[in-house]
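Every number here is computed from the coordinates shown, using simple stated rules; none is lab data. Just so you know, these numbers come straight off a predicted model, no measurement behind them. Virtual Cβ from ideal backbone geometry, glycine too; neighbours counted across all protein chains shown.
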Amino acid sequence: MPISGQSCRAFVSGCAGLALKPEERRLFESSAPWGLILFKRNISEASQIKDLISDFRAAVGRSDAPVLIDQEGGRVQRLGPPHWRRYPAAQRYLEAARGNVDQARSLAQLGGRLMAHDLAALGITIDCAPVLDLAFEGRTDAIGDRTFARDPEVVAILGRAFAEGLMAGGVLPAIKHLPGHGRATIDSHKALPRVDVPLAELMTTDFDPFRRLADLPIAMTAHILFPAIDPDAPATQSPKVVRDIIRGEIGFDGLLLSDDLSMEALQGDFQTRTAAIFAAGCDIALHCNGSLAEVEAVAAASPILSGRALERTQQALSMLKKRPEPFDPVDAGAKLDAALALA
């Protein structure tokens, strides 16, 4: 089996529908993106998803090409009823445990393990979760109950438990949104949030859960402006944030994905946006909306995956369990449902 990352470009693309269009297949054949990300528009039932993934991997010529999804639970859940269970938002684990962190940790791990069971069965390799942003008052509804808690230590404990559940089931977690999205009061899908907080305070709060989980294999950036670090560029496109904070102070040396380049927090055409994230030090560009013209521009500005970025992709994928640990999804689902029902 080939090693994903060889002879491909350093971007992940979305697609428009339930199956690849001929023009999408041709673009993927010629540009060879590192991976594919799935959204609700790409999902009907299991056999269709498997066919879509197989078609994508055939187009790029890599049978292990990564497939990503945002499966957090709550309102950010691409797989859901009637074919898959409805999962709780991250905030619900601590609520279900009535504030008991040890019990919430067990529930979060159980939730991650159940999700991995769903995802791995379809051939999905990376879950863009858990969210390690803090639950600040006044945060945008775009984050809302996707956060585990307000306390950085509790967020780190529950985030690691969720990530461990995913990895036990053969799916890699991608922590997000570095270096922290919890203080944003506007939605970065629509505009660029600005966080005017001193660096010393950010270090002991927002950045802390990411530092505690810096050993995990994959992370995603935030489209947030932190004037105390870089007054000119959002974190995703800031060499100061990526080099000095994410790689430096936080100590994350794993595979770093940008958040979605089609979000309105970013300015400029798509080649400009893409070039800026690589200049900042991101390893992989992420483009989600499936617009063919935009994908073409992102592909044109994405380099062939090589050097340290290639090494990071290989290191991350080497952490995938070939055989998930023994697991009874029926029993696990009943335990999770019972705990949530008591809350």
To the nearest 0.05, the calculated FRET efficiency linking Arg98 and Val197 through their beta-carbon distance, R0 being 41 Å, is 0.85
Per GNM of the chain with C-alpha springs under 10 angstrom, the most fluctuating residue out of Arg105, Arg308, Arg62 is Arg308
Highest GNM mean-square fluctuation among Leu20, Leu114, Leu134, for the chain with Cα springs under 10 Å, belongs to Leu20
Proxy exposure order for Met167, Met115, Met319 (fewest C-beta within 10 Å first) is Met319, Met167, Met115
Residues Thr236, Thr272 in order from fewest to most other beta-carbon atoms within 10 Å are Thr272, Thr236
Taking the chain and counting helices only, DSSP H stretches of n ≥ 4 at -39,500 (n - 2.57) each over all residues, the nearest-500 ellipticity at 222 nm comes to -11500 deg cm²/dmol
In the chain the DSSP beta bridges are antiparallel at a rate, in percent to nearest 5, of 10 percent
Summing +1 per Lys or Arg and -1 per Asp or Glu among the other residues with Cβ less than 11 Å from His177's Cβ gives -2
The range 141-175 and the range 203-253 have their Cα centres apart by a whole-number Å value of 17 Å
Dividing the mean separation of Cα pairs under 8 Å (6+ apart) by the residue count of the chain yields a relative contact order in percent of 19 percent
Which of His117, His177, His223 fluctuates most in a GNM of the chain (C-alpha springs under 10 Å)? That residue is His117
